[in-house]
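This is the structure I have questions about; it appears just below.
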Amino acid sequence: MTLRFRARARGPLVVSVPAGPDGAPLPVEVLRPDGSAIDVAGRAQLLFCRCGRTRSAPLCDGAHNGCDFEKPE
Ligand code: FES
């Protein structure tokens, strides 16, 4: 079982959530800075913003598509 992180060159950090014995993605908790939880139940893939323009932080909402975001060196 491997938890995989992949940074897209001009987009989010993609986290692939491995499946458990029942075939469903393993449980994951994503917390906002204030400690409140974001409902990500059942998601096999999570996209985390790297551009800073999302309105759904820390998750990517696609806002990187409208900006000149380049990956940090
Ligand atoms: S990387 Fe997608 S909104 Fe920031």
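Would you please classify the overall shape of segment 1-40 from the alpha carbon gyration tensor, given that a ≥ b ≥ c denote the square roots of the eigenvalues, rounded means a/c under 1.5, and beyond that prolate means a/b larger than b/c while oblate covers the rest?
Values: a/c = 2.88, a/b = 1.08, b/c = 2.67.
It comes out oblate by the Cα gyration axes.
With a sphere of radius 11 Å drawn around the Cβ of V15, what net charge do the other residues whose Cβ falls strictly inside it have (Lys, Arg +1; Asp, Glu -1)? Before the final figure, lay out each step's value.
Working: positive: R4, R6, R43; negative: none.
Local net charge: +3.
Given the options A57, A37, A19, state which has the largest fluctuation in a GNM of the chain using a 10 Å cut-off (strictly under) for Cα springs.
A37
If you build a Gaussian network model of the chain, linking Cα atoms that sit under 10 Å apart, which residue out of R53, R43, R32 swings the most?
Fluctuation is largest for R32.
Moving on. Given a Förster radius of 25 Å and the C-beta distance between D22 and T2 as r, what FRET efficiency does 1/(1 + (r/R0)^6) yield to the nearest 0.05?
Values: r = 18 Å, r/R0 = 0.72.
For D22 and T2, the calculated efficiency is 0.90.
Going 7 Å from the Cα of L13 toward and past its Cβ, which residues in segment 40-68 have a backbone nitrogen under 19 Å from where you end up?
Only 40-41, 43-65 fall inside the zone, counting backbone N under 19 Å.
Looking only at G20, G11, G35, which one moves most when the chain is put into a Gaussian network model with springs between Cα atoms under 10 Å?
Taking springs between Cα atoms under 10 Å, the residue moving most is G35.
So what is the relative contact order of the chain, in percent, for Cα pairs below 8 Å that sit 6 or more residues apart?
Values: 118 pairs, mean separation 21.3, N = 73.
Value for the chain: 29 percent.
Hey, another quick one. Which whole number of Å³ per residue matches the convex hull of the alpha-carbon atoms in the chain?
Values: hull volume 7.3 nm³, N = 73.
With only Cα atoms used, the chain gives 99 Å³ per residue.
Continuing with this model, one more query. First select every other residue whose beta carbon is under 15 angstrom from the beta carbon of L46; then total the charges, Lys and Arg +1, Asp and Glu -1.
+3
Just so you know, all these numbers are worked out from the coordinates, no wet-lab data involved. The shown structure was predicted, so the numbers you read here are calculated from the model rather than taken from an experiment. Neighbour counts are summed over all protein chains in view; Cβ atoms, including those assigned to glycine, are modelled from backbone coordinates with ideal geometry.
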